[in-house]
Amino acid sequence: MAVNYKEIGLVNTIYMFKKAMDGGYAVPAYNFNNMEQLQAIILACCETKSPLILQVSSGARKYANQTLLRYMAEGAVEYAKELGREIPIALHLDHGDTFELCKSCIETGFSSVMIDGSHHPYDKNVELTAKVVEYAHKYDVTVEGELGVLAGIEDDVVAEESTYTKPEEVEDFVGKTGVDSLAISIGTSHGANKFKPEQCTKNEDGVFIPPPLKFDILEEIENILPGFPIVLHGSSSVPMDLVNMINKYGGDIKDAVGIPEEQLRKAASSAVCKINIDSDGRLAMTAAIRETLAEQPSVFDPRKYLGPAREALKELYKHKIVNVLGSENKD
Ligand code: G3H
Ligand code: 13P
Ligand code: ZN
């Protein structure tokens with residue numbers, strides 16, 4: 001059954017981004033696909049009074065069931081109210097790859113969609129993005145497009161090398177498509193291995209230090225599109241304490257490298273209004289679950305290991321809001 005996001009208390013990203021741009025912070029876009037993640041996200045944002053973009057990939061939609069997911073998002077809005085905080089919440093499709101998928105999400109209560117045509121030739125990206133925008137705007141749904149390709153894995157699309165966004169294309173792209181925000185490629189990538197070890201230097205503790213993000217490209221884009229909301233994907237920091245904890249308790253994650261928090265803070269104070277984080281949540285949950293199961297081998301009630309994982313996740317999300325994105329008290 002079709003439902004418009006407004007009926008279930010969600011908002012699109014227009015006002016959120018305007019405030020973020022004026023206030024020099026970024027709105028957290030946290031991915032979820034299960035109840036404990038959703039609870040942790042809502043609790044973290046309510047306790048810090050942060051606006052929130054709840055993000056769902058096509059894989060997550062298949063995993064959780066699209067109907068269940070739509071009611072989970074509705075439940076999240078009610079849960080926030082119950083916690084006494086009516087924070088603005090957007091429900092966003094992450095890396096939509098077809099017009100049909102975006103349309104289906106819009107019909108099932110999403111308030112924002114991403115159409116990721118970045119792996120297509122430029123003209124095809126423009127055509128596909130413009131088609132989604134034309135449809136979405138009829139329902140006041142906001143649209144994120146992407147220019148430039150992130151290294152790593154974007155859902156089913158594997159890009160071996162990063163192709164940075166070309167600043168000379170952004171004005172034409174935004175003008176022709178009518179997108180509300182633009183994801184750009186300036187050196188971030190998805191997952192826990194954002195750089196190869198040979199691309200990094202090492203500090204005195206043997207920790208990999210990645211090359212800095214391309215702030216010159218970001219600045220050029222800001223000059224060409226003043227006041228236009230920019231989105232950063234692949235923005236997990238891959239905290240070494242979480243990776244070490246996973247490996248200590250039987251995991252095997254090698255050569256993990258993320259984006260240093262200071263660089264994300266700097267990006268958040270610029271035109272970057274939305275910062276996407278998924279992998280760090282996965283690491284926090286996995287570390288906590290592994291620890292509980294290793295230290296309490298007799299536990300078999302899922303609440304006994306998912307509960308601590310949810311708590312760890314909430315703390316991670318709060319830390320990002322307060323210390324990295326700057327969206328605390330911006331509800
Ligand atoms: O950008 C990709 C997100 O981290 C979602 O990942 O497709 O495995 O759900 P997923
Ligand atoms: P990370 O893999 O760095 O968390 O990025 C998530 C993302 O960009 C989702 O779209
Ligand atoms: Zn992404």
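If we scan the stretch 120-137, do we find a residue that is in contact (Cβ under 8 Å) with a residue 60 or more places away in the chain, more than 15 Å from ligand 1 (Cβ to nearest atom) and touching a Phe, Trp or Tyr at 6+ places or on another chain (Cβ under 8 Å)? So far as the stretch 120-137 goes, no, none of its residues is in contact (Cβ under 8 Å) with a residue 60 or more places away in the chain, more than 15 Å from ligand 1 (Cβ to nearest atom) and touching a Phe, Trp or Tyr at 6+ places or on another chain (Cβ under 8 Å). For Phe195, the criteria (1) under 18 Å from Leu264 (Cβ atoms); (2) buried (at least 19 other Cβ atoms within 10 Å of the Cβ); (3) more than 13 Å from ligand 3 (Cβ to nearest atom); (4) at pLDDT 95 or above hold in every case but one, which is (4). Set side by side, the residues Ile115, Ile42, Ile53 differ, and just one is touching a Ser or Thr at 6+ places or on another chain (Cβ under 6 Å) and crowded, with 24+ Cβ neighbours inside 10 Å, which is Ile115. Residues that are part of a helix (DSSP H, G or I) and either within 16 Å of ligand 1 (Cβ to nearest atom) or surrounded by fewer than 17 Cβ atoms within 10 Å (Cβ to Cβ) (or both) do occur in the stretch 21-30, at least one of them. When every residue of the stretch 70-78 is checked against the conditions, at least one turns out to be away from ligand 1 (no atom under 16 Å from the Cβ), crowded, with 19+ Cβ neighbours inside 10 Å, touching a residue at least 24 places away in the same chain (Cβ under 8 Å) and more than 23 Å from Ala26 (Cβ to Cβ).
Please determine whether any residue of the stretch 266-279 is in a helix (DSSP H, G or I), small (Gly, Ala, Ser) and within 16 Å of ligand 1 (Cβ to nearest atom). Yes, there is a match, as at least one residue in the stretch 266-279 is in a helix (DSSP H, G or I), small (Gly, Ala, Ser) and within 16 Å of ligand 1 (Cβ to nearest atom). Of the candidates Ser279, Ser236, the single residue that is in contact with a strand residue (DSSP E or B) (Cβ under 8 Å, 6 or more places away or on another chain) and within 16 Å of ligand 3 (Cβ to nearest atom) is Ser236. Residue count for the stretch 233-256 satisfying the condition of being of a type in the set (A, V, I, L, M), out of contact with any helix residue (DSSP H, G or I) (no Cβ under 6 Å at 6 or more places or on another chain) and not in a helix (DSSP H, G or I): 1. Restricting Leu150, Leu91 to those that are in contact with a helix residue (DSSP H, G or I) (Cβ under 6 Å, 6 or more places away or on another chain) and either of a type in the set (Lys, Arg) or within 16 Å of ligand 1 (Cβ to nearest atom) (or both) reduces the list to Leu91.
One residue alone among Asp216, Asp205, Asp241, Asp180 is modelled with pLDDT under 95 and away from ligand 1 (no atom under 16 Å from the Cβ), and that residue is Asp205.
All conditions but one from (1) more than 17 Å from Glu144 (Cβ to Cβ); (2) within 16 Å of ligand 3 (Cβ to nearest atom); (3) touching a strand residue (DSSP E or B) at 6+ places or on another chain (Cβ under 7 Å) apply to Ala256; the one that does not is (2). Entry remark, the stretch 255-268: residues being surrounded by fewer than 18 Cβ atoms within 10 Å (Cβ to Cβ) and either of a type in the set (A, V, I, L, M, F, W, C) or at pLDDT below 95 (or both) number 1 in total.
Within the stretch 212-245, take every residue that is within 16 Å of ligand 2 (Cβ to nearest atom) and surrounded by fewer than 19 Cβ atoms within 10 Å (Cβ to Cβ) and give me the one that is farthest from the chain's Cα centre (by Cα). Checking each candidate, the answer is Met240. Among the residues making up the stretch 31-59, those that are β-branched (Val, Ile, Thr) and part of a strand (DSSP E or B) are Ile53, Val56. Residue check: Lys62 meets all listed conditions (1) surrounded by 16 or more Cβ atoms within 10 Å (Cβ to Cβ); (2) assigned to a helix (DSSP H, G or I); (3) away from ligand 3 (no atom under 16 Å from the Cβ) but one, namely (1). When Arg303, Arg290 are checked against the criterion of being surrounded by fewer than 21 Cβ atoms within 10 Å (Cβ to Cβ), over 20 Å from Gln55 (Cβ atoms) and touching a helix residue (DSSP H, G or I) at 6+ places or on another chain (Cβ under 9 Å), a single residue qualifies: Arg290.
A residue that is more than 16 Å from ligand 1 (Cβ to nearest atom) and on the phi > 0 side of the Ramachandran plot occurs somewhere in the stretch 225-236.
The values are calculated or read from the model by the stated rules, or taken from the named source; none is laboratory data. Predicted, not measured: the structure shown is a model, and the values here were computed from it. For neighbour counting, all protein chains shown are included, and Cβ atoms are generated from backbone atoms with ideal geometry for every residue, glycine included.
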